[in-house]
Amino acid sequence: MDFHLAFTPKPFDVKINHQHNLLLIGSCFTEQIGTKLANHKFAVLDNPNGILFNPVSITRSVSSYIDNKQYSGSDLFYQNESWNSWEHHSRFSHPDKRTCLKGINDSQTRAHDFLKKADWLLITLGSAFVYETSPLTPLREERGKYNNVVANCHKVPTDKFTKQLLPAEEVFADLKTMIEKVAAFNPALKIIFTISPVRHIRDGFVENNRSKAVLIQAVHKLIENNKNSFYFPAYELVIDDLRDYRFFAEDMVHPNYAATNYVWEKFIATCIDEPSQHLMKEIAVIVAAKITSLSIQVQLNIKNLCKPIWRK
């Protein structure tokens, strides 16, 4: 008797190879895949703004890379003894204002240069909920652009924000505008969309599913008529294929090591061409041998350092 329905995603018509440059943007799941790609010697730039979850912040960040936006002191705010940016992860925060700005603007320049020559843009959407700073301002004339949406709350008290669920139509319009802008900047760029399998339980069980449904609906509508956009079902692989709490970390929210590896194996088969797959296996052997060699060397060094102690 079978207790598991296996799911094999349909391979892409066009695939990634080692000559390609890959820009990855989105949730913490993006960084896990980005790390694995980098370990297999792909040319990767991962999350130039740090981890991002909502589609407004993600599309805004891509637009800022295209424009090579440079931030100024007026774009920062001081909180918890650090300077922060509402559009960046806390990894850019710093007690010194100039250091914070330099880190942000250096990353902007790298992202601009990288996106110009990138072959693939991998976007992982995490949540359709957005947090807006008060006082609220109305929508901009350009649909889907909320003026005061933040990418990171930086531990500012929750009463300073208004939370809302984006409509699928707004997510679709925002992503569509981003794709059009990217196509004008780099016509050869191909985009892979994924939905993060990480559960946003703080929003609530029902609310998390509503949020994921909004993202799935918007993305599938988007790629239907766009030959350079693809969908990789990371969310479905974890939630519907694995479908078991054994594949989640202790917090029961984040996929664990086994789940991430399972999705990674499916990603390789779906998105990466065969010559690169063979090369990845060779690279993995070399990296493993190097790690083993370094481990042996460390043990020998420790043993040599301890010899005088043993003699005493």
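The values are calculated or read from the model by the stated rules, or taken from the named source; none is laboratory data. Note that this is a predicted model, so its numbers are computed, not measured. Note that each Cβ is placed from the backbone with ideal geometry, even for glycine, and that neighbours are counted across all protein chains shown.
Okay, here's what the table says:
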read-out	value
Candidates Ser85, Ser61 - the one that is crowded, with 18+ Cβ neighbours inside 10 Å, under 18 Å from Ile192 (Cβ atoms) and modelled with pLDDT of 95 or more	Ser61
Residue pairs meeting the criteria (Cβ under 7 Å; at least 6 apart or on separate chains; first at positive phi and loosely packed, with under 15 Cβ neighbours inside 10 Å, in region 138-161; second at pLDDT 85 or above and not small (Gly, Ala, Ser))	Lys155/Asn80
Of residues in region 175-206 being within 30 Å of Asn80 (Cβ to Cβ) and not aliphatic (A, V, I, L, M), the one surrounded by the most Cβ atoms within 10 Å (Cβ to Cβ)	Ser196
From Asn68, Asn21, Asn54, residue being at pLDDT 95 or above and touching an Asp or Glu at 6+ places or on another chain (Cβ under 7 Å)	Asn21
Leading residue by the ranking (farthest from Gly204 (Cα to Cα)) among those in region 232-265 that are without any contact (Cβ under 8 Å) to a residue 24 or more places away in the chain and among the aliphatic types (A, V, I, L, M)	Ala258
Entirely in region 159-249, the strands (runs of 3 or more DSSP E) that have 2 or more residues that are hydrophobic (A, V, I, L, M, F, W, C) and in the same structural domain as Trp264 (by TED's automatic domain parsing)	161-165, 190-195
Pair list, Cβ < 9 Å and 6+ apart or interchain, from region 284-299 residues that are not assigned by TED's automatic domain parsing to the domain that holds Lys36 and modelled with pLDDT under 75 to residues that are of a type in the set (A, V, I, L, M) and assigned to a helix (DSSP H, G or I)	none
Those residues of region 187-223 which are at pLDDT below 95, of a type in the set (Val, Ile, Thr) and within 16 Å of the chain's Cα centre (by Cα), in sequence order	Val198
Members of region 1-42 that are closer than 23 Å to Ile286 by Cβ, part of a helix (DSSP H, G or I) and of a type outside the set (Gly, Ala, Ser)	Gln32, Ile33, Thr35, Lys36, Leu37, Asn39
Residue count, region 15-33 (criterion: in contact (Cβ under 8 Å) with a residue 24 or more places away in the chain and closer than 22 Å to Tyr235 by Cβ)	13
Given (1) part of a loop (DSSP other than H, G, I, E, B); (2) surrounded by fewer than 15 Cβ atoms within 10 Å (Cβ to Cβ), index of the condition Arg91 fails	(1)
Residues of region 227-242 satisfying the condition of being surrounded by 15 or more Cβ atoms within 10 Å (Cβ to Cβ) and farther than 16 Å from Lys212 by Cα	Asn228, Ser229, Phe230, Asp241, Leu242
